[in-house]
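Encoded as structure tokens, the structure appears first; notes follow it.
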Amino acid sequence: MEPLKRVHSKTVVIASSNIDTDQIIPARFLTTTTKDGLGKQLFADWRYLADGSLNPEFVLNRADAQGCQILVAGRNFGCGSSREHAPWALLDYGIRAVISTEIADIFKSNALKNGLLPITVDDATAQWLLDHPGAEVDIDLSTARLTLPTGVATAFPIDAFARHCLMNGTDEFGYLRSKLDLIERYEAARSW
Amino acid sequence: MSARTLFDKVWTAHEVVPETADAPAVLYIDLHLIHEVTSPQAFSVLKSLGLPVRRPDRTLATMDHSTPTRSEQVFGNVPIKVDAAARQVRQLERNAAEFGVELFGMRDARRGIVHVISPELGCTQPGMTIVCGDSHTSTHGAFGALAFGIGSTEVGHVFATQCLLQAKPKTFAVNVEGKLRPGVAAKDLILSIIGRIGVSGGTGHVFEYRGSTIRGLSMDERMTICNMSIEAGARAGMIAPDETTFEYLKNKPRAPKGAAWDAAVARWRTLVSDPGAAFDASIDIDASTLEPMITFGTNPGMVVPITATIPQASGGATAVYDKALGYMGFHGGDAMLGKRVDVVFIGSCTNGRLEDLQAAARILKGRKVAAGVKLLIVPGSQQIKRDAETLGLAQIFQDAGAEWRESGCSMCLGMNGDTVAAGQYSISTSNRNFEGRQGVGARTLLVSPLTAAASAVQGKVADPRELL
């Protein structure tokens, strides 16, 4: 994984709360056996009309949303299924960070393992972002701070270990494998 | 030692390395369940690194999500309808063979939905840590296991190390007292709980369902409860094991036998929250006042008693609420009873077990599915299918005009082609009423098996208590 220290981009806003992973990528696209190319199926049922053409009403299809790397969403983003296809689809499309007041546990875990930043902010910051689509936002992982174009900066919580991995471009896999001797000792010591 | 919760006991027993300020815990996984949808990418990682599955003896594979439910496709030579699904099934067969993982494949008598077969084989046991690349892994918590869904990257971690890096979740006591009234099922109880807690109220927490109501539930009912913990956002849901649990597990094919059984039960009896153990959050539910429940919106928290009307939008989220009702074709103030029904689905890891089918049969016996309604009944496993046929349930279903299929996830998420058409109303015993969950544009109303069967007979949303 490439080291990730900062995301600086305009935002795209989908204000709905409880955006579940079935919306992020519907189940019928999960028959793939790879993780590649899922960006075209991101938000498929909102993004495309029944005839397969782009839905001009959907925010991601608007001209000013093109190239945005930060998605601002309503509360409880990524709830539902554990499908890692959801962060894969967002990343393949070009989204590097998701901001909400609350992000579902499994989605958050999956996102961090793929270099997609799940950023939770307070209600006031979230409301400002929801009210200002297209705002240029800076997310600095080294300071764990999000800065609005107004200059207002706010700290966001992020797991220390996940941050270390993201900033150094390492993954948890290597760390886990470095514990194999302890894992073997645990297995040997267990009496049940 | 201070009083500890059931969760804390199971968590601590599996800490290879405890959590620190700098790193999450290294948590040992006793049982890794895999299926065809979320495992291929993880197997690919192993292949690219030249690594084996470290503990194939702790790994169990089956296929359920994209498998067909028509007998001629499972056992005959009729091809699987969805090409990509067929490829995924073959990929799992190849991966299981290459890595030495036991697979209950397409024609295996032990195949079924992963969360149904592991308990029925006795693989799911109290005190275990169990993971699967599937959010409804919470089901296994019904046995006092710590069981939760993971992503495909984590599936790879467990393959290679039998461990996961995990931050320790908080605990949440769900205390349920009072007797469920006739016609009110475990599904109604968990839908009520989700309605109270909300779809994100459990985020960051592990539920422990406690109290006399829970103690009085069968294992099938407990699994229905724990299954939907994730729909309240919880990482997992647990129920302390007791005589009901031990009775269920005794003599199951993979449960301990002889002296090992006695030793296991003695250990399992310690898996209760100590008196006075502190929880980070709690809620009290009075089960005696509950009614059959039904969802009216696009998440499981949008739920009302079946005799109620749809609430009017209130508070700040009016647009989101209106969008959900718009998708459903409903309006605030509408009565739920009498709403249109096109398809009825009885099955899934939530309600595809034998007791669920018995409940549906109580209503369907001697009655017919209403004209214009399709009733699809999909058992949770091939074992349940055989049991239902032996007990005469399948005959009742077929006499009523239902379609009786081979086991699988089927119309819960429609990956295998069992879908609901756009705009149609599906009364479903599954776990998610998200937009498009059962098919593009499909409208899902979540209910118990009793309510599903009653609605199939009446051809509209119906109160099962009138037919019992």
So what's the gap between the Cα centers of segment A:154-168 and segment B:169-244, to the nearest angstrom?
33 Å
Karplus couplings for segment A:52-57 from phi (6.51 cos²θ - 1.76 cosθ + 1.60, θ = phi - 60°), rounded to Hz, Gly and Pro as x?
x, 7, 5, 7, x, 6
Rh_Kirkwood(segment B:320-405) over Cα pairs, Å, one decimal, evaluates to 14.4 Å
Among the lysines, which fall within straight-line cross-link reach of B:Lys323, defined as a Cα-Cα distance under 22 Å, with same-chain neighbours fewer than 8 residues apart omitted?
B:Lys339
Please list B:459-468, B:402-411 highest first by mean number of surrounding beta-carbon atoms within 10 Å per residue.
B:402-411, B:459-468
Using the charge dipole of chain B (Lys, Arg: +1 at Cβ; Asp, Glu: -1 at Cβ; taken about the Cα centre), state which of B:Pro253, B:Ser407, B:Asn227 has its Cα farthest towards the positive end.
B:Ser407
What size of dipole, in debye to the nearest 20, comes out for chain B about its Cα centre when the only charges are +1 on Lys and Arg C-beta atoms and -1 on Asp and Glu C-beta atoms?
620 debye
Treating only the Cβ atoms of Lys and Arg (+1) and Asp and Glu (-1) as charged, compute the dipole magnitude of the protein assembly as shown about its Cα centre; round to the nearest 20 debye.
980 debye
Computed over the Cα atoms, what is the radius of gyration of segment B:188-347 divided by 2.2 N^0.38 Å, N being its residue count?
1.28
Taking every pair of alpha-carbon atoms in chain B, give the share separated by more than 36 Å as a whole percent.
25 percent
Could you give the length gained by full extension between B:His331 and B:Ser212, i.e. 0.36 nm per residue of separation minus their alpha carbon distance, to one decimal place?
39.1 nm
Considering the dipole of chain A built from charges on the beta carbon (Lys and Arg +1, Asp and Glu -1) around the Cα centre, which of A:Leu60, A:Phe29, A:Tyr175 is farthest to its positive end?
A:Tyr175
Quick one: what does P(r) look like for segment A:22-82 with 5 Å bins over all Cα pairs, in whole %?
4, 15, 22, 27, 19, 12, 1
Mean other chain Cβ within 10 Å across A:177-188 is 4
Quick calc: nm separation of the 7 Å Cα→Cβ label points for B:Arg269 and B:Arg90 -> 5.4 nm
Amide H neighbours of A:Leu4 at under 5 Å, excluding residues fewer than 5 places away on the same chain, with H built from the backbone geometry, are A:Met167, A:Asn168, A:Gly169
For the protein assembly as shown, go through all pairs of different Cα atoms, get the mean of 1/r, take its inverse, and jot down that Kirkwood value in Å.
25.0 Å
Taking the Cα atoms of segment A:6-189, what is the range of coordinates along each of the three principal axes, in descending order and whole Å?
60, 43, 24
Cα-based equivalent ellipsoid, segment B:193-284: semi-axes from gyration tensor eigenvalues, Å:
27, 15, 11
Two-site label geometry, B:Glu466 and B:Gln398: point separation in nm, points 7 Å out along Cα→Cβ:
3.1 nm
Quick query: amide H of B:Val303 versus all other amide H atoms, modeled in the peptide plane; which residues come in under 5 Å with a sequence gap of 5 or more or a different chain?
B:Phe296
For the peptides B:432-442, B:120-130, what is the packing order when you average, over each peptide's residues, the other Cβ atoms within 10 Å and list the highest mean first?
B:432-442, B:120-130
So which aspartates and glutamates can B:Lys385 reach, going by Cα to Cα under 14 Å and dropping same-chain residues fewer than 8 places off?
B:Asp108, B:Glu120, B:Glu355, B:Asp356, B:Glu403, B:Glu406
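Given the rule -39500 (n - 2.57) for each run of at least 4 DSSP H residues, summed and divided by the residues of the protein assembly as shown, what is its mean residue ellipticity at 222 nm, to the nearest 500 deg cm²/dmol?
Roughly -9000 deg cm²/dmol at 222 nm, from the helical runs in the protein assembly as shown.
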Report, as an integer, the average count of C-beta atoms from other chains found within 10 Å of each Cβ along B:118-128.
0
What whole-number volume per residue, in cubic angstrom, does the convex hull of the C-alpha atoms of segment B:6-166 give?
112 Å³
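Taking the Cα centre of segment B:293-466 as origin and charging only Cβ (+1 Lys, Arg; -1 Asp, Glu), how large is the dipole, in debye to the nearest 20?
Its charge dipole is roughly 120 debye.
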Using 0.36 nm times the number of residues separating B:Ala260 and B:Ser314, minus their current alpha carbon distance, what extension gain do you get?
13.7 nm
By the mean-Cβ-within-10 Å protection proxy, highest first, A:131-142, B:163-174 rank as B:163-174, A:131-142
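Provide a whole-number value for the mean count of partner chain Cβ atoms within 10 Å of the Cβ atoms in peptide A:104-112.
6
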So what does the Cα-only Debye profile of segment B:272-321 read at q = 0.13, 0.27, 0.28 Å⁻¹, as log10 I(q)/I(0), no solvent term?
-0.55, -1.10, -1.13
Show me, for segment B:20-27, the HN-Hα J-couplings you get by feeding each phi into the Karplus relation (A = 6.51, B = -1.76, C = 1.60, θ = phi - 60°), rounded to Hz, glycine and proline as x.
10, 5, 9, 8, x, 5, 8, 10
Principal axes of segment B:390-461: Cα extent on each, largest first, Å:
36, 26, 18
Within segment A:1-41, whose backbone N sits under 17 Å from a point 7 Å along Cα→Cβ of A:Thr170?
A:1-5
Links exceeding 32 Å between C-alpha atoms in this model, out of A:Lys108/A:Lys179; B:Lys187/B:Lys252; A:Lys10/B:Lys187, come to A:Lys10/B:Lys187
Globularity index of segment B:293-466, i.e. its alpha-carbon radius of gyration over 2.2 N^0.38 Å:
0.99
In the protein assembly as shown, taking the dipole from +1 charges on Lys and Arg beta carbons and -1 charges on Asp and Glu beta carbons about the Cα centre, the listed residue (B:Leu375, B:Thr419, B:Leu446) farthest towards the positive end is B:Leu375
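Bear in mind that the values in this text are calculations on the coordinates, not laboratory data. Please read these numbers as outputs of a predicted model, since none were measured by experiment. In this analysis, Cβ positions are derived from the backbone assuming ideal geometry, glycine residues included, and neighbour counts consider all displayed protein chains.
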